[in-house]
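Notes for the one structure printed next.
Just so you know, all these numbers are worked out from the coordinates, no wet-lab data involved. Not measured: the values here are computed from a predicted model. Methodologically, a virtual Cβ is constructed for each residue, glycine included, from the backbone with ideal geometry; neighbour enumeration extends over all protein chains shown.
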Amino acid sequence: ETPIPPQEILSPPQILLDTTLRLPLIVLDGANIAYSYARENHPHNGTKFAPDYRGIDIAVKYFLHSKFLNYYFRIQVVIPAQWMRSKPRAVDASTENALMQTDQLDILQNLKRNNMVFEAPPRDDDDAYVLTIARRADYHAHNFPTSTMQHYFPLKGGYVVSNDLFRDAITRDTDAITRERHLKKNYNIEYSEVVSLRHWLESGGRISYSFFNFGSTGDAVDLVFQPYPRHSLVEAIERQRHS
């Protein structure tokens, strides 16, 4: 895997001069994307899939080479920590496949060298990290009075890229909000409504995606990453590309 040139990661000069600007953070659900790419790229493998990190690489490069106005994005990929180990996967049946695993690992190591990887600790729910990191970025971007982000980038400060609907997380969040509301009511404590996870996701916090084939044939093809075209951020990116 060819290392990403440093100049493609560093922010443009005009951003570096503006210390109050907080660039939008794109948080990729690495597991969701890697397994989705594997299913699309090897549809004849039945239900036995190993994560294919090339999907992560393609998705990262889509946002890495995208911008809104003259501003680029920060990118963070959340993956299970064990993915950074170099041992062959369970589906590797030969040294040839083990070598492929090494090539796959190079993708993650390259992203880590460029500070784009967050490793979720073993046994932890990586979805929890995906959602927390993105929502925290959104909160910070829109709750600092000196931030010029709202002027230059009137969208969210953090986004999640995933096809996961996060139903379990939404249920936990709804229950927590309900408990807090009842607790404060019982003790006559003023309660301020908070933005629920469901609302945040449905109001544009989550960007769904798909991989598609431009026409190549064979057992394994090179797929193209396409985020949901009608998402407000993706619409802005595509308008800029074609302007």
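Would you list, by chain and number, the lysines whose Cα falls below 30 Å from the Cα of residue 48, excluding same-chain residues fewer than 8 positions away?
The reachable lysines, counting only those whose Cα sits under 30 Å from residue 48, are 61, 87, 112.
To the nearest 20 debye, what charge dipole does region 104-146 have about its Cα centre, counting +1 at the Cβ of each Lys and Arg and -1 at the Cβ of each Asp and Glu?
For region 104-146, the charge dipole is close to 200 debye.
Considering only the other residues whose Cβ falls under 12 Å of the Cβ of residue 29, what net charge follows from Lys and Arg at +1 and Asp and Glu at -1?
With Lys, Arg at +1 and Asp, Glu at -1, the net is -3.
Summing Lys, Arg as +1 and Asp, Glu as -1, what charge do residues with Cβ under 10 Å from the Cβ of residue 55 carry, residue 55 excluded?
Its environment carries a net charge of -1.
Given the peptides 225-236, 179-190, 73-84, 29-40, arrange them by the average over their residues of other C-beta atoms within 10 Å, most packed first.
The peptides rank, most packed first, as 29-40, 73-84, 225-236, 179-190.
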